[in-house]
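The values are calculated or read from the model by the stated rules, or taken from the named source; none is laboratory data. This structure is a prediction, so every number in the text was calculated from the model and none was measured. Heads up, the Cβs are rebuilt from the backbone with ideal geometry, glycines too, and the neighbour counts pull from every protein chain shown.
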Amino acid sequence: MCASEALHRFSLAGKVALITGSGGGIGRVLAASWARPGRGSPLHDRTEDQLIEARQLLEKEKLDFDVFTADLADVSACRSLVDEVAARMGHLDILVNCAAANRREPVDHVSPETFDWLVSVNVRAPFFLSQWARRVMRAQGGGKIINVASINAYYALDTCGGLRLDQRCDSADDSRDGC
């Protein structure tokens, strides 16, 4: 394979990447890095207010973006988000599960409601976003799913943390059916 063929094979030109949680932290940096003039970047967070700084950053650089809001604690919102991005952007090539939630409370004080909310955003949402994105990507011929995790997924602090779900459903490629 020659260099130009390799560059074409790995080109991201024309690709649509949904980066969840792009209103802050790692998600904002990834979304800003992804956006290019003429290539709309879907910005996602729970509310439009959470996207203010990301929007200002992209507007300052004169980069194109579309805003999508969804509360990922709600499984039906996960499916709607994937469907809406694919419909408005024309397709969905890459899903980056970057959204996360945390309530820094001592472990002894975490309520069942807080625990359920943390699991719904940090574990359940990436799974169901990936499940639906995989269906969309398969229908269009393929795509990629990337999961981003905090260090808190691996190491519990003195607050509620240390819970993770390894996900092997990392590609929408029909040749590798790992789910």
Which of the strands (runs of 3 or more DSSP E) found entirely inside segment 1-107 contain at least 1 residues meeting this: surrounded by fewer than 17 Cβ atoms within 10 Å (Cβ to Cβ)? 65-69
So, in segment 108-141, how many residues would count as being crowded, with 19+ Cβ neighbours inside 10 Å and either among the aliphatic types (A, V, I, L, M) or more than 25 Å from residue 87 (Cα to Cα) (or both)? 8
Out of 104, 135, sole residue that is among the basic types (Lys, Arg) and modelled with pLDDT under 95: 104
Test: residue in segment 63-77 that is touching a residue at least 40 places away in the same chain (Cβ under 8 Å), more than 12 Å from the chain's Cα centre (by Cα) and closer than 24 Å to residue 13 by Cα: no
Of all residues in segment 46-78, which are basic (Lys, Arg) and over 17 Å from residue 100 (Cα atoms)? 55, 60, 62
If only one of 67, 82, 96, 75 is within 17 Å of residue 28 (Cα to Cα), of a type in the set (Val, Ile, Thr) and at pLDDT 95 or above, which one is it? 96
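Return the residues of segment 108-132 that are in a loop (DSSP other than H, G, I, E, B) and modelled with pLDDT under 90; say none if nothing qualifies.
First, pick out the residues of segment 108-132 that are in a loop (DSSP other than H, G, I, E, B): 110-111.
Within segment 108-132, 110 is the sole residue that qualifies.
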With (1) modelled with pLDDT under 85; (2) among the hydroxyl-bearing types (Ser, Thr, Tyr); (3) in contact with a His (Cβ under 8 Å, 6 or more places away or on another chain) as the list, and residue 20 as the residue in question, which single condition is left unmet? (1)
